[in-house]
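K.L.:
Below you will find the structure I want to go over with you.
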Amino acid sequence: MLSLSRRHFLGTSLAGLGAAALGPLWPSGAGELLVLAGENAPSFDTLFLTWRHDPTTTIVIQWVGDAADATTTVEYAPQEGMIRQSAAVATKPFPGTDFVVYRCEIAGLKAGTEYKFQIGASPEFRFRTMPAKATDEFSFITGGDAGTGQAAVNSNRIAAKQDPYFVVIAGDLAYDNGRSPETFLKFMQNYRATMIDSEGRLIPLVTCLGNHEVNGGYNHDRKAAGSYLSVFDVFFAETSYGVLDFGDYLSLVLLDTGHLSPIAGEQTDWLQKMLSEREDHPHVFAIQHVPCYPSHRPAWGAIGIGGTGADQRQLWSPLFERHKVNVVLEHHDHTFKRSHPLTDGMVDEKNGVLYLGDGSWGKLRPPVSPEQRPYLAKVGQRYHISMHRLEGDRRFHIALDDSGKIADVVTTVSQRAAL
């Protein structure tokens, strides 16, 4: 077991105690936040926000720290409010280390509202709740395959500059492989250091599993994803897949492409049920790590069967098509990719499903050409993130490259509003 000491942990920190209160503080060159916490002060350099329940009225605050810090409450209030409320903090072990995960969930918040909070005697941190209705325009960022290198940190910065309401990284966050808690902590520190918007608000993080969260990659039990589940079991408490509903207007269907849960069987049955129950939600995005339609790996085996994504194409794509989930976000191949709208693997401009990816937040591989894979509309070997802007029933999907320039734009209109 790797045992990280408190001194070593603080020594590798990228962000310190007062960072969010000060807003983005960029030293020259590296673009990382300064370490402001002392040896005897609690460090919040792994602090991040996520959700378990409806993001319009709740927030989950988490960080990894020393068990001796013994923080028991978080105080919070609307940004312009004077009366504060308190919420309890729970702790649990952070596997393979001497540290613990601190977790506080706050419910009963007002939708579309700015909030401030303090952890013990810390400076104030800030966040905002999601809008109550889909009539409010907003954007969020997605991608996958990050890691802890400079390219991933640069993608973080580009994402934060867009002032998104939240970020989704769909698998292969840290590349800790289920056995390197130090690597996972580094990812959290990078995220904390860079994912602050122009108003000084922390940007919440939503995720799903990839093979590099799991010791062995595929077909293992929950113990194989110790670091990842130590913090994201707040959402994936019982299964490694789930759906996050934003009021009644947006649902993120977060899937496990065979890492801890098989694709066939219970997960597919669950997917059918969840999509059926959300027929009246205008915006439903399916999000997964391994792609149905890969842009680098082989899509078919040697005799025309099998290949990357084969089980999903057989079991999940028909459900996406039947339930009008006309955008699927997928990753794993480390390229930029946009498919044609597809039905049963064939181009269908009117009713097809658009597959966007392919996981180049911080990793790169060369894609195959659209001539080799007719389902591909556009590909590139470039780092990129995707910004999704929702305006009523319209969605604008904008790919931003590693310089922050627009690499691609495609528009979809929710077909579900007419169901």
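The values are calculated or read from the model by the stated rules, or taken from the named source; none is laboratory data. Predicted model only: the values in this text are computed from it and were never measured. All Cβ positions, even for glycine, are placed from backbone atoms using ideal geometry, and neighbour counts span all protein chains on display. Accessible surface areas use protein heavy atoms only, side chains included; no ligands, DNA or RNA. Shrake-Rupley method; radii C 1.70, N 1.55, O 1.52, S 1.80 Å.
K.L.:
Within the group Val410, Val328, Val379, which residue is touching a residue at least 40 places away in the same chain (Cβ under 8 Å) and under 19 Å from Ile169 (Cα atoms)?
P.N.:
Details: Val410 fails: under 19 Å from Ile169 (Cα atoms); Val379 fails: under 19 Å from Ile169 (Cα atoms).
The match here is Val328.
K.L.:
How many of the residues in region 189-243 are in contact with an Asp or Glu (Cβ under 6 Å, 6 or more places away or on another chain) and either assigned to a strand (DSSP E or B) or small (Gly, Ala, Ser) (or both)?
P.N.:
Here the count works out to 6.
K.L.:
Here is a further query. Taking the criterion of being of a type in the set (Val, Ile, Thr), in a strand (DSSP E or B), surrounded by 18 or more Cβ atoms within 10 Å (Cβ to Cβ) and modelled with pLDDT of 95 or more, would at least one residue in region 347-363 satisfy it?
P.N.:
Filtering region 347-363 for residues of a type in the set (Val, Ile, Thr) gives 347, 353.
Subsequent filtering for residues that are in a strand (DSSP E or B) retains 347, 353.
Those still in the list that are surrounded by 18 or more Cβ atoms within 10 Å (Cβ to Cβ) too: 353.
Of the ones still in play, those that are also modelled with pLDDT of 95 or more are 353.
For region 347-363, residues of a type in the set (Val, Ile, Thr), in a strand (DSSP E or B), surrounded by 18 or more Cβ atoms within 10 Å (Cβ to Cβ) and modelled with pLDDT of 95 or more: present.
K.L.:
Please find, among Leu14, Leu49, the residue that is modelled with pLDDT under 95 and either part of a strand (DSSP E or B) or under 20 Å from Val153 (Cα atoms) (or both). Walk me through it before giving the result.
P.N.:
Numbers: Leu49 fails: modelled with pLDDT under 95.
Selected residue: Leu14, the only one of Leu14, Leu49 that is modelled with pLDDT under 95 and either part of a strand (DSSP E or B) or under 20 Å from Val153 (Cα atoms) (or both).
To keep it simple, each residue is scored yes or no on (1) assigned to a loop (DSSP other than H, G, I, E, B); (2) among the aromatic types (Phe, Trp, Tyr); (3) within 18 Å of the chain's Cα centre (by Cα).
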residue: Thr257; (1), (2), (3): yes, no, yes
residue: Leu271; (1), (2), (3): no, no, no
residue: Leu275; (1), (2), (3): no, no, no
residue: Asp280; (1), (2), (3): yes, no, no
residue: Ala286; (1), (2), (3): no, no, yes
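K.L.:
Filter region 77-109 down to the residues that are more than 17 Å from Val60 (Cβ to Cβ) and either part of a loop (DSSP other than H, G, I, E, B) or open to solvent by 50 Å² or more (accessible area, probe 1.4 Å) (or both) and list them by number. Before you say what the answer is, go through the steps one by one.
P.N.:
Of region 77-109, the ones more than 17 Å from Val60 (Cβ to Cβ) are 77-84, 93, 95-99.
Answer for region 77-109, where residues must be more than 17 Å from Val60 (Cβ to Cβ) and either part of a loop (DSSP other than H, G, I, E, B) or open to solvent by 50 Å² or more (accessible area, probe 1.4 Å) (or both): Pro78, Gln79, Glu80, Gly81, Met82, Ile83, Arg84, Pro93, Pro95, Gly96, Thr97, Asp98.
K.L.:
Can you confirm whether region 158-178 contains a residue that is modelled with pLDDT under 95, over 22 Å from Lys405 (Cα atoms) and open to solvent by less than 20 Å² (accessible area, probe 1.4 Å)? Break it down stepwise before answering.
P.N.:
Restricting attention to region 158-178, the residues satisfying the condition of being modelled with pLDDT under 95 are none.
Scanning region 158-178 turns up no residue that is modelled with pLDDT under 95, over 22 Å from Lys405 (Cα atoms) and open to solvent by less than 20 Å² (accessible area, probe 1.4 Å).
K.L.:
Let me ask you something else. Of all residues being surrounded by 21 or more Cβ atoms within 10 Å (Cβ to Cβ) and not charged (D, E, K, R) in region 133-147, which is farthest from Lys405 (Cα to Cα)? Just the residue, please.
P.N.:
Here is the first cut: in region 133-147, the ones surrounded by 21 or more Cβ atoms within 10 Å (Cβ to Cβ) are 134, 140-147.
From what's left, not charged (D, E, K, R): 134, 140-144, 146-147.
Working: Ala134: 27, Phe140: 17, Ile141: 15, Thr142: 16, Gly143: 16, Gly144: 19, Ala146: 19, Gly147: 22 Å.
Filtering region 133-147 for residues that are surrounded by 21 or more Cβ atoms within 10 Å (Cβ to Cβ) and not charged (D, E, K, R), the one farthest from Lys405 (Cα to Cα) comes out as Ala134.
K.L.:
Shifting gears a bit: Output the residues belonging to region 117-174 that are part of a loop (DSSP other than H, G, I, E, B), under 30 Å from Ser414 (Cβ atoms) and under 13 Å from the mean Cα position of the chain (by Cα). Give the steps one after another, and end with the answer.
P.N.:
To start, the set of residues in region 117-174 that are part of a loop (DSSP other than H, G, I, E, B) comprises 120-124, 129-137, 144-149, 162-166, 171-174.
Filter again for under 30 Å from Ser414 (Cβ atoms), leaving 129-137, 144-146, 162-166, 171-173.
Result: Gly144, Asp145, Ala146, Pro164, Tyr165, Phe166, Gly171, Asp172, Leu173.
K.L.:
Six or more apart or on different chains, Cβ under 8 Å: which pairs go from a residue in region 192-219 that's on the phi > 0 side of the Ramachandran plot to one that's surrounded by fewer than 24 Cβ atoms within 10 Å (Cβ to Cβ) and in a strand (DSSP E or B)? Could you list them?
P.N.:
Once the first residue is on the phi > 0 side of the Ramachandran plot and sits in region 192-219, its partners that are surrounded by fewer than 24 Cβ atoms within 10 Å (Cβ to Cβ) and in a strand (DSSP E or B) give Gly200/Arg126.
K.L.:
Can you name every residue in region 242-293 that is acidic (Asp, Glu) and either surrounded by 22 or more Cβ atoms within 10 Å (Cβ to Cβ) or over 21 Å from Asp54 (Cα atoms) (or both)?
P.N.:
Kept after step one, since they are acidic (Asp, Glu), are these residues of region 242-293: 245, 248, 256, 266, 269, 277, 279-280.
If the condition is that a residue be acidic (Asp, Glu) and either surrounded by 22 or more Cβ atoms within 10 Å (Cβ to Cβ) or over 21 Å from Asp54 (Cα atoms) (or both), then Asp256, Glu266, Asp269 are the ones that fit.
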